[in-house]
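Heads up, the thing below is written out as structure tokens.
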Amino acid sequence: MPRLSLRILLLLALPLTAYSFMLPAPFRTMDDQVSIVANPLIRNAANAGQLFTQGYFRDNSYYRPLANLTFMGEFHAFGLNPFFYNLDNLLIHIANAFLVWMLASRLTGNPVVGFWAGLMFAVHPVHWEAVANISGRAILLCAFFSFASFLFFLTAYARRRTGWLIVSLAAFAAALLSKENAAVLPGVFFLYLVYARGKTKDLILLLPYAVIVGAYM
């Protein structure tokens with residue numbers, strides 16, 4: 001138990017320390033201005049449905065409505081105080097590190113390896129652009145729901161429970177509504193079933209994920 005507590009503390013403290021510089025940062029020009037500061041839709045909660053009918057930057061370039069929905073919630077809670085938008089990015093990143101810890105532990109069967117994978121994920125500088133830019137929220141949310149979907153998929157596969165598969169599908173749909181990159185996740189599941197498990201007969205489990213991608217497209 002003390003070791004577990006220490007690992008949890010490290011996974012909280014180290015990324016908070018590493019990314020603390022970003023918290024006072026103001027809104028950036030361009031992306032933040034379009035999606036938050038000058039976005040009239042997020043100022044009225046009644047417009048929530050409209051966020052699902054337009055692109056991330058109010059055009060047809062990207063479709064990431066869940067990210068804009070979080071901006072709406074933050075606007076109503078904190079106004080245009082960028083500190084809280086930056087803090088939420090960092091908290092989502094830390095949550096993702098915990099999910100990596102759990103996912104790597106499941107895949108390797110070794111919680112120690114899983115912890116170091118999560119810690120590496122938490123402090124690796126490759127993530128700075130997604131974490132330190134408020135508009136990187138889409139990447140962070142996509143990662144969160146993708147990791148969660150994978151964890152639920154592993155549980156559904158191990159326990160043969162339809163309920164867990166439904167939860168995994170819901171998380172996958174949320175990942176797609178956060179960022180289009182989530183569409184590769186069924187391919188990851190394919191590799192897991194074929195190369196890690198050697199169970200080609202279980203590929204039928206991927207059919208509902210393909211249906212969701214088709215509906216998304």
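The values are calculated or read from the model by the stated rules, or taken from the named source; none is laboratory data. Predicted model only: the values in this text are computed from it and were never measured. Here Cβ is always computed from backbone atoms with ideal geometry, including for glycine, and neighbour counts include all displayed protein chains. Heavy atoms of the whole protein, side chains included, go into the accessibility calculation; ligands, DNA and RNA do not. Shrake-Rupley method; radii C 1.70, N 1.55, O 1.52, S 1.80 Å.
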Check: For the residue pair Ser20 and Leu91, what label-to-label distance in nm results when each label sits 7 Å from Cα along the Cα-to-beta-carbon direction?
Finding: 1.9 nm
Checklist line | Extent along principal axes [Cα atoms of region 1-101; Å; largest to smallest] | finding: 49, 25, 24
Next item on the list: Using a/c under 1.5 as the rounded threshold, could you call region 136-217 rounded, prolate or oblate? The axes a ≥ b ≥ c are square roots of the C-alpha gyration tensor eigenvalues, and prolate needs a/b larger than b/c, oblate otherwise.
Entry: prolate
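Tell me, what is the percent relative contact order of region 31-145, built from C-alpha pairs under 8 Å that lie six or more residues apart?
23 percent
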Notebook entry, point to check: When the convex hull of the Cα atoms of region 37-161 is projected onto a plane and the area is averaged over all directions, what value comes out in nm²?
Noted result: 9.3 nm²
Next item on the list: Scan the chain and note any complete DSSP helix (H) whose C-alpha atoms cover at least 20 Å along its axis and whose Kyte-Doolittle average is -0.5 or more.
Entry: 2-18, 82-108, 137-159, 162-176
Next item on the list: Report Rg (one decimal) and Dmax (nearest whole number) for the chain, counting Cα atoms only, units Å.
Entry: 18.4, 52
Notebook entry, point to check: Under 12 Å from a point 7 Å along the Cα-to-Cβ line of Met30: which residues of region 126-169 have their amide N that close?
Noted result: none
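Keeping all protein chains in place, calculate the accessible area per residue for the chain (probe 1.4 angstrom), answer in Å².
Each residue of the chain exposes 51 Å² on average to a 1.4 Å probe.
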Notebook entry, point to check: Over region 1-57, what percent of the accessible surface lies on carbon and sulfur atoms, probe 1.4 Å?
Noted result: 70 percent
Next item on the list: Treat each spin label as a single point 7 Å out from the Cα along the C-beta direction, and report the Val112 to Asn81 distance in nm.
Entry: 4.4 nm
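Over the chain, what relative contact order in percent results from Cα pairs under 8 Å that are six or more residues apart?
Values: 265 pairs, mean separation 39.0, N = 217.
Worked out over the chain, it gives 18 percent.
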Next item on the list: Please get the size of the charge dipole for the chain, origin at its Cα centre, with Cβ charges of +1 on Lys and Arg and -1 on Asp and Glu, quoted in debye to the nearest 20.
Entry: 820 debye
Note to self: About the Cα centre, and with charges only on the beta carbon of Lys, Arg (+1) and Asp, Glu (-1), how big is the dipole of region 4-109? Nearest 20 debye, please.
What the structure shows: 220 debye
Item checked: Distance cut-off 12 Å, percentage of C-alpha pairs in region 1-43 lying past it -> 70 percent
Margin query: Over region 53-111, what is the relative contact order in percent, taking alpha-carbon pairs closer than 8 angstrom and at least six residues apart?
Written below: 15 percent
Item checked: Helix-only mean residue ellipticity at 222 nm for the chain, each DSSP H run of n ≥ 4 adding -39500 (n - 2.57), per residue, nearest 500 -> -19500 deg cm²/dmol
Margin query: Using alpha carbons only, how many angstrom separate the centre of region 5-47 from the centre of region 77-128?
Written below: 14 Å
Check: For region 61-169, what % of the accessible area comes from carbon and sulfur atoms, probe 1.4 Å?
Finding: 71 percent
Checklist line | Per principal axis, descending, Cα span of region 41-95 in whole Å | finding: 29, 22, 15
